[in-house]
Amino acid sequence: MLSQELIREALFRALSTGADYAEVFAEHTCQKNISLVSAKVDKIADSVISGVGIRIFKGTRCVSGSASSLDRSAVLDCAAKVADALQGSAEVGDIVLRERIFGDIHPIKIVPTGVENSCKIDYIREACLAAKDYSKEISQVTGNFLEVDHRILIATSEGLLAQDRQIRTRVTVSSIASDGSENQTGSVGPGARKGLELFDDFDPKELGRKASKQAVTMLHAGYINAGVMPVAIENGFGGVIFHEACGHSLEASGVALGQSQFCGKLGQQIANPKVTAIDDGTIPNGWGSVNIDDEGTPAQKKILIDKGILKTYMVDKLNGRRMGMESTGSSRRQSYAYAPTSRMTNTYIAAGEDRDEDIIASIEYGLYAKEMGGGSVNPATGQFNFSVREGYLIRNGKICEPVRGASLVGKGSDVIMNIDMVGKNVARAQGMCGASSGSIPTDVGQPLIRVASITVGGR
């Protein structure tokens, strides 16, 4: 994307006013979205993102800028503007770039850009038709295919030169069930750091039926009564509760500034001893996996919480300087236009020793959250509120009728202390995580867990 001569020239210019570190991040990304409504193609959108982000440090001060072009003049002008923010001068020593190849643990069998659109449309259409045929109550079905071919180059004044190519594919099916007076929705959205071989992992008809089954089930569900009760949260996307309520509070972007519920708690018990939580960017073909992060640091598997004890945070270079800690390969950004910071990759609660049937049987009256929905959290306090997309009442240790309108309300540091049963079957699910460095792909996951006591919002 950029010649070494141009990179070195940009780094020299960025360092010329006294910075002690400079970084060039170049990107060229091709993306395709195909949308279907009622099994008919609604939109095919192709986009290209190309540009450069340049960043400098002076101690713990950071200045960053970007340009939407990889032309020589644009790159050097960006470097000059970033450097001028320091308003100083300095002698810059020689910069010797040494290219490093970290390897690729995410093999791609079928590169999506080499396959005609008709193949992708046929797959999504089959899923949509199966969703529509599930029930006469399904009023509308939408399907979406996403492919991303993300190429990055990172060079630093420390001499690092590294590149990575990240190909991701995702399929989404959403169904609306209606009885004429109200609607309920259901959706599925599997994805991976894979090419079109993702199609071999999922039967499109099963995806469609799953989305519609959820919508129809919730259409006929009654409302739950609010109260404090035990809750069993299913595996897969159930892991979003840890991701949001606790994961963001373990990112150095908040910890370094004293804006986290877990500041200063390394080595302390912050969760039930049954809880071990991991962030692992090295899972082969994982939706949130990377070979290197967006600062060129190799991905790592990090045990954040080990049997309830806080072991580490997710750390990027800048906040590592502030905290006196090394980077953990956790720096991520949506694109060159965003400054990177510490973010999650694939974050999950590890398998425990409890049987699923014992977890359900242990609850006399409570909620079974089969599918979690969206929500919000304040990382500084850990206060969260999440909707339950598909829920059921538990009575006398048995899963009973479906209920809607449920939400989980609480504080992250409390909920992980109250996880007192952890199942054996870990599953992960895909999402997009938004924060200061933009929207990035992340996996969430866990086995079935029991939260002994939590506030359930309802009627």
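The values are calculated or read from the model by the stated rules, or taken from the named source; none is laboratory data. Predicted model, so just to flag it, every value in this text is computed and none were measured. So basically every Cβ, Gly included, is an ideal-geometry build from the backbone, and we count neighbours across all protein chains shown.
A quick yes/no check of all residues on (1) more than 16 Å from HIS243 (Cβ to Cβ); (2) among the aliphatic types (A, V, I, L, M):
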| residue | (1), (2) |
| --- | --- |
| VAL403 | yes, yes |
| SER407 | yes, no |
| ASP420 | yes, no |
| ALA427 | no, yes |
| ILE440 | no, yes |
| VAL456 | yes, yes |
Please work out which one of (1) free of Cβ contacts under 8 Å to residues at least 40 places away in the same chain; (2) under 22 Å from LYS210 (Cα atoms); (3) in contact with a Ser or Thr (Cβ under 9 Å, 6 or more places away or on another chain) is the condition ILE399 fails and give its number. (3)
Please work out which residue is farthest from the chain's Cα centre (by Cα), limiting yourself to segment 251-309 and to residues that are among the β-branched types (Val, Ile, Thr) and outside any loop (DSSP other than H, G, I, E, B). ILE309
So which pairs qualify, if the first residue must be in segment 361-374 and closer than 17 Å to PHE242 by Cα, the second must be basic (Lys, Arg) and part of a strand (DSSP E or B), the Cβ gap must be under 7 Å, and the two must be at least 6 apart or on different chains? GLU371/ARG389; MET372/ARG389; GLY373/ARG389
Within segment 228-250, track down each residue that is within 17 Å of VAL456 (Cα to Cα) and modelled with pLDDT of 95 or more. VAL228, MET229, PRO230, VAL231, ALA232, ILE233, GLU234
Condition first: part of a strand (DSSP E or B) and touching a Gly at 6+ places or on another chain (Cβ under 8 Å). Now tell me which residues in segment 228-250 satisfy that. MET229, PRO230, VAL231, ALA232
Return yes or no: is LYS136 buried (at least 17 other Cβ atoms within 10 Å of the Cβ), more than 29 Å from the chain's Cα centre (by Cα) and among the basic types (Lys, Arg)? no
Quick check, is VAL240 within 30 Å of MET325 (Cα to Cα) and β-branched (Val, Ile, Thr)? yes
Could you count how many residues in segment 159-169 are surrounded by fewer than 20 Cβ atoms within 10 Å (Cβ to Cβ) and within 18 Å of ALA429 (Cα to Cα)? 0
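Table: residues versus (1) surrounded by fewer than 14 Cβ atoms within 10 Å (Cβ to Cβ); (2) modelled with pLDDT of 95 or more; (3) not aliphatic (A, V, I, L, M).
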| site | (1), (2), (3) |
| --- | --- |
| THR60 | yes, yes, yes |
| SER64 | no, yes, yes |
| LEU70 | no, yes, no |
| ALA80 | no, yes, no |
| ILE108 | no, yes, no |
| ILE121 | no, yes, no |
| ILE124 | no, yes, no |
| ASN144 | no, yes, yes |
Can you list residue pairs whose Cβ atoms sit under 6 Å apart, with the first residue in segment 130-150 being among the acidic types (Asp, Glu) and the second being modelled with pLDDT of 95 or more? Count only pairs 6 or more apart in sequence or on different chains. GLU137/ALA177; GLU137/VAL216; GLU147/LYS32; GLU147/PRO112; GLU147/THR169; ASP149/CYS30; ASP149/ILE167
Hey, among the residues in segment 68-91 that are without any contact (Cβ under 8 Å) to a residue 60 or more places away in the chain and not in a loop (DSSP other than H, G, I, E, B), which one's farthest from the chain's Cα centre (by Cα)? SER73
When segment 18-35 is checked residue by residue, the ones that are crowded, with 20+ Cβ neighbours inside 10 Å and assigned to a loop (DSSP other than H, G, I, E, B) are ALA19
Being free of Cβ contacts under 8 Å to residues at least 40 places away in the same chain, of a type in the set (Asp, Glu) and out of contact with any helix residue (DSSP H, G or I) (no Cβ under 8 Å at 6 or more places or on another chain), is that true of even one residue in segment 21-29? no
Those residues of segment 325-355 which are of a type outside the set (Lys, Arg) and over 26 Å from the mean Cα position of the chain (by Cα), in sequence order: GLU353, ASP354
Within the group ALA226, ALA252, which residue is of a type in the set (A, V, I, L, M, F, W, C), surrounded by fewer than 24 Cβ atoms within 10 Å (Cβ to Cβ) and more than 19 Å from LYS398 (Cα to Cα)? ALA226
Could you list all residues from segment 344-387 that are touching a Ser or Thr at 6+ places or on another chain (Cβ under 8 Å), modelled with pLDDT of 95 or more and of a type in the set (A, V, I, L, M)? MET344, ILE349, ALA350
Looking at segment 276-306 only, could you name the residues that are without any contact (Cβ under 8 Å) to a residue 40 or more places away in the chain and either more than 15 Å from LEU266 (Cβ to Cβ) or among the polar types (S, T, N, Q) (or both)? THR297, GLN300, LYS301
Tell me whether segment 72-86 contains one or more residues that are out of contact with any Cys (no Cβ under 7 Å at 6 or more places or on another chain) and within 30 Å of CYS119 (Cα to Cα). no
